[in-house]
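Structure record follows, encoded as structure tokens.
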Amino acid sequence: MEAPLTHASPPGRAAVLAGLGTYVPPRVVTNEDLSLTMDTSDEWIRTRTGITQRHWADPGTATGDLAVAAGERALKSAGSDAVDLVVLATTTPDHPCPATAPEVASRLGLQNVAAYDIAAVCSGFVYGLASAAGAIAAGIAERVLVIGAETYSTILNPDDRTTSVIFGDGAGAVVLRAGDATEPGALLGHDLGSDGSLKDLIIVPGGGSRQRSAAAAPGAPEPDPADAYFSMQGKPVFRHAVTRMAASSQAMLDRAGWPAESVDWFVGHQANVRILHAVADQLGMPRDRTVVNLDRVGNTSAASIPLALSDAVAAGRITPGDRVLMSAFGGGVTWGSTALVWPDIDAN
Ligand code: ACO
């Protein structure tokens, strides 16, 4: 039976957006660059995905490094480095163990704060916002740094053109503070869901206890080296992404009491411009209200929504008072949405 987790924030205390910061590594990899090393073309990548370039971290740079850079900027944007919880959404942690968030917190000078990672793949940032808002609503935290950071370039199979052209590296972070549900910037509720029966659609098969345990069995075959890499069944993922993001967005709109046509900006997970437009169509929202920055950064998974927000703010598109709807779909499979009226903050 389907029972997604949908709720509105309790009246009164709410998580309010107080700061936003992002970082992408400097190295730009264009579609033309990729076409020199694999059987692809700028034309195919642009027309099938909307992507023209992405940023990839240089060897030696890890997800935690990008997270620290974005986190610093978000704290600066919030005007205070006082937080009591760090939530880091990532699919590409620095190590399988421990979580990356505690080290990121320490490197940010946030001594002794609670810190943990969230693994919800491309939905990670939206899950992270819900987790942080829950901690604030419960009185566990007053101020939370939520970071989405990824270095997908470290898990892409260079022999797999279907995934290598899609993903980019980057990080985005926000500060949420305890405030009032009626303030601009208050998260107006959350819609989250998952369907683990579809886990094989987006998977890194190796490296976890499933493979290690199987490898220890008598007569077990050697693991396939390709199992260390990310793999995705693009077509069904496309279909589920549209269906789930549209349904989750609608559930969130219902919670917020917003008609679709009243939304100023739809900030969806930046997977594919065709997916974003299909979701807008299903919601009955004009396509030009869709924020798109994947053309320049690719699919940055858990970092994609804060990077898109920052891009739209910097371009003067999202402005204070605008109604902003966020929605994501990712591996697991997972999905989630939230919404807010954009507050008057300085984004970095
Ligand atoms: N360059 C050239 N040709 C390619 C490439 C490439 N990079 N990749 C695939 N092709 C070929 C295929 O081999 C196929 O050729 P064939 O017809 O001869 O077999 C043809 O192009 C069409 O391939 P499809 O996979 O059917 O292409 P599609 O239009 O479905 O686009 C894509 C593929 C871009 C991956 C699309 O399916 C998609 O965007 N899927 C969703 C991805 C997504 O939303 N991810 C979000 C979640 S990700 C996460 O959580 C980490």
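Overview of results
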| quantity | calculated |
| --- | --- |
| Only listed residue being away from the ligand (no atom under 16 Å from the Cβ), closer than 19 Å to Leu309 by Cα and open to solvent by 30 Å² or more (accessible area, probe 1.4 Å), chosen from Gly109, Gly79, Gly139, Gly134 | Gly79 |
| Residue that is nearest to the chain's Cα centre (by Cα), among those in the stretch 210-238 that are closer than 20 Å to Thr334 by Cβ and exposed (fewer than 13 other Cβ atoms within 10 Å of the Cβ) | Lys235 |
| Enumerated strands (runs of 3 or more DSSP E) restricted to the stretch 143-228, each holding at least 2 residues that are among the β-branched types (Val, Ile, Thr) | 143-150, 170-180 |
| The stretch 257-275, residues that are touching a residue at least 24 places away in the same chain (Cβ under 8 Å) and more than 14 Å from the chain's Cα centre (by Cα) | Trp258, Ala260, Glu261, Ser262, Val263, Asp264, Trp265, Phe266, Val273, Arg274, Ile275 |
| Failed condition for Asp346, given (1) open to solvent by 30 Å² or more (accessible area, probe 1.4 Å); (2) at pLDDT 95 or above | (2) |
| Inter-residue pairs, beta-carbon under 7 Å, first more than 10 Å from Ile166 (Cα to Cα) and more than 10 Å from the ligand (Cβ to nearest atom) and in the stretch 295-308, second in a helix (DSSP H, G or I) and open to solvent by 10 Å² or more (accessible area, probe 1.4 Å), 6+ apart | Leu307/Val297 |
| Residue within the stretch 163-177 that is of a type outside the set (Val, Ile, Thr), over 20 Å from Pro236 (Cα atoms), surrounded by fewer than 24 Cβ atoms within 10 Å (Cβ to Cβ) and away from the ligand (no atom under 16 Å from the Cβ) present | yes |
| Any pair with Cβ under 9 angstrom, 6 or more apart, that starts in the stretch 320-347 at a residue that is more than 19 Å from Ala89 (Cα to Cα) and ends at one that is of a type in the set (Lys, Arg) | Leu340/Arg323; Val341/Arg323; Trp342/Arg323; Asp346/Lys76; Ala347/Arg73 |
| Some residue of the stretch 92-103 being closer than 23 Å to Gly207 by Cα, open to solvent by less than 20 Å² (accessible area, probe 1.4 Å), in a loop (DSSP other than H, G, I, E, B) and among the small types (Gly, Ala, Ser) | no |
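Each row is one residue, and each column tells you yes or no for (1) open to solvent by less than 30 Å² (accessible area, probe 1.4 Å); (2) assigned to a loop (DSSP other than H, G, I, E, B); (3) within 30 Å of Ala137 (Cβ to Cβ); (4) modelled with pLDDT under 95.
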{"residue": "Met1", "(1), (2), (3), (4)": "no, yes, yes, yes"}
{"residue": "Ala15", "(1), (2), (3), (4)": "yes, no, yes, no"}
{"residue": "Ala18", "(1), (2), (3), (4)": "yes, no, yes, no"}
{"residue": "Gly21", "(1), (2), (3), (4)": "yes, no, yes, no"}
{"residue": "Val29", "(1), (2), (3), (4)": "yes, no, no, no"}
{"residue": "Arg46", "(1), (2), (3), (4)": "no, no, no, no"}
{"residue": "Gly64", "(1), (2), (3), (4)": "yes, no, yes, no"}
{"residue": "Ala67", "(1), (2), (3), (4)": "yes, no, yes, no"}
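The values are calculated or read from the model by the stated rules, or taken from the named source; none is laboratory data. Since the model is a prediction, treat every value here as computed from it, not as a measurement. Neighbour counts run over all protein chains shown; Cβ positions are idealised from the backbone, glycine included. Side chains included, ligands, DNA and RNA excluded: accessible areas come from the protein's heavy atoms. Shrake-Rupley method; radii C 1.70, N 1.55, O 1.52, S 1.80 Å.
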